[in-house]
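Trainee: Following this message is one structure expressed as structure tokens.
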Amino acid sequence: MSISGALSNALSGLTATSRMAELVSSNISNAMTDGYGRRELAVSSRLIGDYGGVAIDGVTRHMNLGIVADRRFAQSDFSNASKELDFLSRLETLVGTPEDAFSLSARMANFESDLVSAASRPDVNERLEAVFRSANALSETFNSISDSIQGMRTEADHNIATQVDQLNQALQQVRDLNIRISTSVNQGKDPSSLQDHRQVLIDQISEIVPVREVPRDRGTVALFTPGGAILLDGPAATVEFETTNLIVPHMTVEGGHLSGLSINGHAIRTDSAMGPLSGGTLGALFEIRDETANVAQAQIDAVARDVVERFQDSGIDPSLGAGMPGLFTDLGAAFASADEVGLAGRMTVNALVNPDTGGDVWKIRDGIGAITPGEVGDGALLSAMVDVMGEARAPVSGGFGTAMRSAAELGANFLSRIGSARELVEQATTFASTQLSELKAQELEGGVDTDQEMQRLMLVEQAYAANARMMQAVDAMMQTLLEL
């Protein structure tokens, strides 16, 4: 081998080992960085004329795309279940457990207790006032639950708008990175850092909607949802949504009051069963706004209807004329079955017994429609009210079935259904969390092994030292020749 050939070999070796050291250092420093793919220098023997050496063929980015795809679906499932769990937990807290003094069950129990107390001493005005106060607290509890459910629907609607904006922005950024990666590949440059950034963006998208990544030419990718929507394949799709400032119980997508989603101007379904973008946090928000919250509203309205109708019966209060409301009203009017939607939010105590607005509490004892007070010791109506609260009736709405229940039992059944739904979603969340943790661990196992990288770094240092020693030997030979 000639001196110049040895020098060329050593120089190419130094260049390769320097690049290897750079990649190993990058691997170690980014071992816990999300989206980072382990780099490895691809080299081969070089032969140019009489010269040999090391040729750098490029940088290989190692990433197990199968595990990444599974982890993204698990992330989407976990994000979806977490959103649902948060809503149901808030709803359960809102309705309250029986031991909570402000819960729906406690309010019903207090109302019944005050009725029993007033029936035992109908002549005591303070006990009649206590009945009114507890009835008013009960109606306000119904109002609060209904208003809060609609508030959570409005919140979900606003969050949908935010996530649609984030989704569109992320899709556009992935498209831009596709172009830059393709350009880098065409120019023979290393696109690894761009691919890392793209993976992080796709991971963010997978939290919003589940996506499947499909490789395309020159390092680019396409994104599809399991439901069949094309989010990115060359150009990025544009997802469109219009937010609603305030949502009330009767407002639905089917009725044209709320916005659905469209992709590139084409409307798509948003239900949890068949929606192309179902799953992820976006799917959970639509499910909360259009399904779960609507079921909860229908059930609280059914419970409110049951209470209102028990006291609107002229068989209980003979003083009630045709079309007159009972103790509980629909915004001051008698309840009509066609107006059940949103009743819990409109439920009030009859103004005729409200002393704060000029009403008379003695009408609770003598009849809502009574003109003058009756016998102060007559507790017949109060006893009938106690009996009607405990009377077993079959609810006519709310999906509670045909089982006979008292007013308190129906309220307890409402809470039980929320608790059962919350427990099921909690189990799904736990399963999704466990699956996600396992897949993340598998992804890390296939990622950067710092011990292995340190061993590689030691070998790189040895190779660098050997090439440096070769250059020193060449320098010594050149000096000897020059001294001849």
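All of the numbers you see were taken from the coordinates with simple rules; none came from a lab. Just so it is clear, the structure is predicted and the values come from calculations on it, not from any experiment. Every residue, glycine as well, gets a Cβ built from its backbone with ideal geometry; the counts of neighbours run over all protein chains shown.
Trainee: So if the hydrodynamic radius of the chain is defined as the Kirkwood radius over C-alpha pairs, what does Stokes-Einstein give as its diffusion coefficient at 25 °C and 0.890 mPa s, in µm² per second? List each step's numbers first, then the result.
Mentor: Values: Rh = 28.1 Å.
Roughly 87 µm²/s, to the nearest whole number.
Trainee: DSSP loop (so not H, G, I, E, B), at most 15 other Cβ within 10 Å: list which chymotrypsin sites (Phe, Trp or Tyr not before Pro) in the stretch 96-179 pass both filters.
Mentor: 102
Trainee: Something else now. In 5 Å bins starting at 0, how do the alpha-carbon pair distances of the stretch 254-294 split up by percent?
Mentor: Histogram of Cα-Cα distances, whole percents per bin: 6, 24, 32, 27, 9, 2.
Trainee: To the nearest 0.05, how large is the calculated FRET efficiency for residue 64 and residue 468 if R₀ is 51 Å and r is the Cβ-Cβ distance?
Mentor: Efficiency, rounded to the nearest 0.05: 0.90.
Trainee: So for the stretch 124-205, what are the equivalent ellipsoid semi-axes in whole Å, largest first, each being the square root of 5 times an eigenvalue of the Cα gyration tensor?
Mentor: Details: eigenvalues 752, 19, 4 Å².
Square roots of five times the eigenvalues give 61, 10, 5 Å.
Trainee: Still on this model: Please compute, over every Cα-Cα pair in the stretch 167-215, the percentage with a separation greater than 19 angstrom.
Mentor: Of all Cα-Cα distances in the stretch 167-215, 24 percent exceed 19 Å.
Trainee: Run a plain Debye calculation on the stretch 193-322 (Cα atoms as equal point scatterers, no solvent) and give log10 I(q)/I(0) at q = 0.15, 0.17, 0.18, 0.21 Å⁻¹, rounded to two decimals, same order as the q list.
Mentor: So the normalised log intensities work out to -0.82, -0.95, -1.02, -1.22.
Trainee: Now a separate question. For the chain, what relative contact order do you get, as a whole percent, if you take Cα pairs closer than 8 Å and at least 6 residues apart?
Mentor: 23
Trainee: Name the residue from 399, 414, 205 whose Cα lies farthest towards the positive end of the charge dipole of the chain, charges +1 on Cβ of Lys and Arg and -1 on Cβ of Asp and Glu.
Mentor: 205
Trainee: To the nearest whole percent, what portion of all C-alpha pairs in the stretch 1-132 is separated by more than 18 angstrom? Intermediate values should be presented prior to the final figure.
Mentor: Working: 6594 of 8646 pairs.
The answer is 76 percent, as a whole percent.
Trainee: Let me ask another. Using only the Cα atoms of the stretch 377-453, what are the Rg and Dmax in Å?
Mentor: Spelled out, the Cα radius of gyration and Dmax of the stretch 377-453 are 26.4, 92 Å.
Trainee: For q values of 0.13, 0.14, 0.15, 0.16 Å⁻¹, compute log₁₀ I(q)/I(0) with the Debye formula on a Cα-only model of the stretch 131-272, without solvent.
Mentor: One equal scatterer on each Cα of the stretch 131-272 leads to -0.68, -0.75, -0.81, -0.88.
Trainee: Here's something else I'd like to know. Which of 381, 277 comes first, and how do the rest follow, when ranked by fewest Cβ neighbours within 10 Å?
Mentor: Numbers: 381 23, 277 26.
Sorted ascending by nearby Cβ count, the order is 381, 277.
Trainee: With point charges of +1 on the Cβ of Lys and Arg and -1 on the Cβ of Asp and Glu, referenced to the Cα centre of the chain, which listed residue (6, 276, 460) lies farthest in the positive direction of the dipole?
Mentor: Of the candidates, 6 comes out farthest on the positive side.
Trainee: Also, quick follow-up: With the dipole of the chain worked out from charges on the C-beta (+1 for Lys and Arg, -1 for Asp and Glu) around the Cα centre, which of 350, 450, 94 lies farthest toward the positive end?
Mentor: Comparing the listed Cα positions along the dipole, 450 ranks first.
Trainee: Can you pull out the GluC sites (Glu not before Pro) in the stretch 343-442 that DSSP calls coil and that have at most 15 other Cβ atoms within 10 Å?
Mentor: Loop-located and lightly packed - 375, 391.
Trainee: Between helix 104-120 and the chain, what is the angle of the helix's C-alpha long axis to the longest principal axis, kept within 0 to 90° and rounded to the nearest 10?
Mentor: The two axes meet at around 10 degrees.
Trainee: In vacuo Debye scattering of the stretch 1-45, one point per C-alpha: log10 I(q)/I(0) at q = 0.15, 0.33 Å⁻¹?
Mentor: -0.50, -1.11
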